[in-house]
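Worksheet: the structure to be examined is printed underneath.
Read-outs: derived from the displayed coordinates by stated rules, not from any lab. Keep in mind that this is a model prediction, so the values were computed, not measured. When we count neighbours, we look across all protein chains shown, and the Cβ atoms used for this are built from the backbone with ideal geometry, even at glycine.
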Protein chains: 2
Amino acid sequence: MDVRVDTVGIDVDGETLGGTMLAPTRELPAILFVHGWGGDQRHDLARAREAAGLGCVCVTFDLRGHVHSKVPRERVTRAQNLADIVAAYDWLAERPSVDASSIAVVAISYGGYLASILTSLRDVRWLALRSPALYKDEAWDLPKLQLHADPDLPAYRRRRIAAGENRALRACAAYRGDVLVVEAENDTIVPHAVTENYLAAFVAARSRTARVLAGADHALSEKSAQKDYSSVLISWLTEMIVGARGSAAKRNVDLHKAAVRAAGEGAPRPH
Amino acid sequence: MDVRVDTVGIDVDGETLGGTMLAPTRELPAILFVHGWGGDQRHDLARAREAAGLGCVCVTFDLRGHVHSKVPRERVTRAQNLADIVAAYDWLAERPSVDASSIAVVAISYGGYLASILTSLRDVRWLALRSPALYKDEAWDLPKLQLHADPDLPAYRRRRIAAGENRALRACAAYRGDVLVVEAENDTIVPHAVTENYLAAFVAARSRTARVLAGADHALSEKSAQKDYSSVLISWLTEMIVGARGSAAKRNVDLHKAAVRAAGEGAPRPH
């Protein structure tokens, strides 16, 4: 998602006017949307179409164990769903229109937990987590639904967990990109302590943004909560993506000006 | 600057996950920057590099009578400078990477006066005018500098001028795109009455946005005024360009969903 800066000439009445063109390169930033447990890609389309407005490629998809999958819901594992996310990431990164160094992942709940782990396997420049869930590392290949049979899980989600003690939090601790963590104020499924554990884990992130959706529950049942989430997410994506492209343009305009000066001219001239 | 919406398939472990890709088409929106009298394109580069962050092609250029032009400053006419702007517009609209139906023109003072007239000659989707100047229609081919010899010009700029009485205002009255008019609060060169005449003329515009830069003079001598102008301009361009691309994405996502429903399926499936 670089921005080329070129001196150009515009012909008029036998004279050539000096001009400068700034043009984004063909490879666009991209956003991968990961839905939560029991959700599907349709829930992400509203956000995806808004994010597409920023001039980036957006992909939504259905995890295995959901929608028309061959794997039944009660059998699908974290390992399988993580493999799904890696496959979707790789598919997206291979598109000729995508700049693989400028990929954002936007994920919800169980999807946010897995997306955190993805950052230890693939290059994620921007990471947005809404109500990321937390699971114990044990029984990685057990069906995801069976993890809830553990009577200690609710208590685990209310404890302070150090980053070193959990695979997802370890990935967060090593993550060097920009991160947005969005919490639902009245979330009883992913309680506040989980959000605190995630936020505390992101010690190496380039930037950290934490937001609370006032009055919202885990599923964002109210339309107003969904609207608040969209607004928070799109503002953050705008700052990140438009900002990064603007920085690339600034760097190249500065180089361009220096080159013009070095050529001993007062202003860019057509070549 | 349309956004394609496609059903895609992502392969993992012998299964194909259903996905949806939203991708901006290759043609980008574009912005043409027009400097004011006595200025040059370098003044526009700071705004251009920020605007490039929105994922659009930006062009700055030098009007004749300025910088290295063969035409001396004291001889250049409005007719020539309007021809320059038309040439720059046409050059930009012909770039393969540009969507000619999504061109913005950002112009200052004398450049804003000429850019208003451009809208009657070419398709301008978005028009941003900072302190647009106003001249009488007479003596169109007289050198621009000689127009200031008219002792009535300062008074003309303080009078109420109906849109029908002036070529630039007539163009504004017929303009159907979105317009931003930015006024410098302490402008003594282009007084408030001129801004009022412009704003009153835009009767058919799709949207009108008027802003005043507090404490600013015509040239934006203070750094803070320049920063305020950049901020107002970039916010407006963001709303216009990101909004238009988001609307295109919404329309196509809706069509895509309807097509998927018509095919009798519950969710988009790979093809």
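For segment A:23-181, averaging the sequence separation of C-alpha pairs within contact (under 8 Å, six or more residues apart) and dividing by the residue count gives a relative contact order of 24 percent. Annotation: amide H of B:Gly177 within the under-5 Å range of B:Arg206, sequence separation 5 or more or interchain, hydrogens built in the peptide plane. When only the Cβ of Lys, Arg, Asp and Glu is charged (+1, +1, -1, -1), the dipole of segment A:9-99 relative to its Cα centre reaches about 860 debye. Placing a label point 7 Å from Cα along the Cα-to-Cβ direction at A:Arg208 gives distances to the equivalent points in the other copies of 4.9 nm, listed shortest first. Volume per residue of the convex hull around the Cα atoms, evaluated for segment B:18-94, comes out as 91 Å³. Peptide B:224-233 shows a mean partner chain C-beta count of 0 within 10 Å per residue C-beta.
Each residue of segment B:111-122 is assigned a 3J(HN,Hα), and the resulting list reads x, x, 4, 5, 5, 4, 5, 3, 5, 8, 10, 9 Hz, derived from the Karplus form 6.51 cos²θ - 1.76 cosθ + 1.60 (θ = phi - 60°), x at Gly and Pro. Principal axis extents of the Cα atoms in segment A:123-198, from largest to smallest and rounded to whole angstrom, are 35, 30, 21.
Can you check what the net charge comes to around A:Val34, using other residues whose Cβ is under 15 Å from the Cβ of A:Val34 (Lys, Arg +1; Asp, Glu -1)? The answer is +2. The residues packed around A:Leu169, meaning those with a beta-carbon under 14 Å from its beta-carbon, carry a net charge of +3 if Lys and Arg are +1 and Asp and Glu are -1. On average, how many beta carbons from a partner chain sit within 10 Å of the beta carbon of a residue in A:2-12? So the per-residue partner count for this stretch is 5.
Shielding by partners for peptide A:41-52, expressed as the average number of C-beta atoms from other protein chains within 10 Å of each residue's C-beta, is 6.
Overall, the anisotropy analysis places segment A:148-264 in the oblate class: the square-rooted eigenvalues a ≥ b ≥ c of its C-alpha gyration tensor yield a/c not less than 1.5, with a/b not exceeding b/c. Less than 5 angstrom separates the built amide H of B:Ala184 from those of B:Ser131, B:Leu213, all sequence-distant by 5 or more or on a different chain.
Work out the charge dipole of chain B with +1 on the Cβ of Lys and Arg and -1 on the Cβ of Asp and Glu about the Cα centre, then indicate which of B:Ala171, B:Ser101, B:Ser221 is farthest towards its positive end. Result: B:Ala171. The residue list A:Pro72, A:Leu180, A:Leu22 was ranked by how far each Cα lies along the charge dipole of the protein assembly as shown toward its positive end, using unit charges on Cβ atoms, and A:Leu180 comes out on top. The rotation axis bringing chain A onto chain B passes closest to the chain A residue reported with its distance as A:Gly55, 1, by C-beta distance in whole Å. Just want the answer: with Cβ charges of +1 for Lys and Arg and -1 for Asp and Glu, which residue in A:Trp37, A:Ala149, B:Ala262 is farthest toward the dipole's positive end in the protein assembly as shown? Farthest along the dipole direction, towards plus: A:Ala149. Each other copy holds its own label point for B:Glu94; taking that point as 7 Å from Cα along Cα to Cβ, the gaps run 4.0 nm, nearest first. Listed from fewest to most Cβ neighbours within 10 Å, the set A:Lys257, B:Lys144, A:Lys223 follows the order A:Lys223, A:Lys257, B:Lys144. Length gained on full extension, B:Ala193 to B:Ala139, computed as 0.36 nm times the residue gap minus the Cα-Cα distance: 17.2 nm. Across q = 0.18 Å⁻¹, segment B:44-199 modelled as identical point scatterers on its alpha-carbon atoms has Debye log10 I(q)/I(0) values of -1.20, in the order of the q list. Inter-copy label distances for A:Pro151: 10.2 nm (label point placed 7 Å from Cα along Cα→Cβ; shortest first). Remark: for residue pairs A:Lys227/A:Lys250; B:Lys70/B:Lys144; B:Lys227/B:Lys250; A:Lys223/B:Lys257, the C-alpha separation exceeds 22 Å in A:Lys227/A:Lys250; B:Lys227/B:Lys250. Residues considered: A:Trp37, A:Trp140, A:Trp236. Largest GNM mean-square fluctuation over chain A, using C-alpha springs under 10 Å, is found at A:Trp140. Overall, segment B:123-271 carries a charge dipole of about 780 debye about its Cα centre when +1 sits on the Cβ of Lys and Arg and -1 on the Cβ of Asp and Glu, all other atoms neutral. Mean sequence separation of contacting Cα pairs (under 8 Å, at least six apart), scaled by the length of segment A:151-258, corresponds to a relative contact order of 25 percent. Distant-in-sequence amide contacts of B:Val106, defined by a placed amide H-H separation under 5 Å and a gap of 5 or more residues or a different chain, comprise B:Leu32, B:Phe33, B:Val34, B:Ala128.
Note that segment B:4-132 shows a convex hull volume over its alpha carbon atoms of 125 Å³ per residue. Note on chain B: helix-only mean residue ellipticity at 222 nm, from DSSP H runs of 4+ residues weighted -39500 (n - 2.57) and normalised by residue number, equals -10500 deg cm²/dmol.
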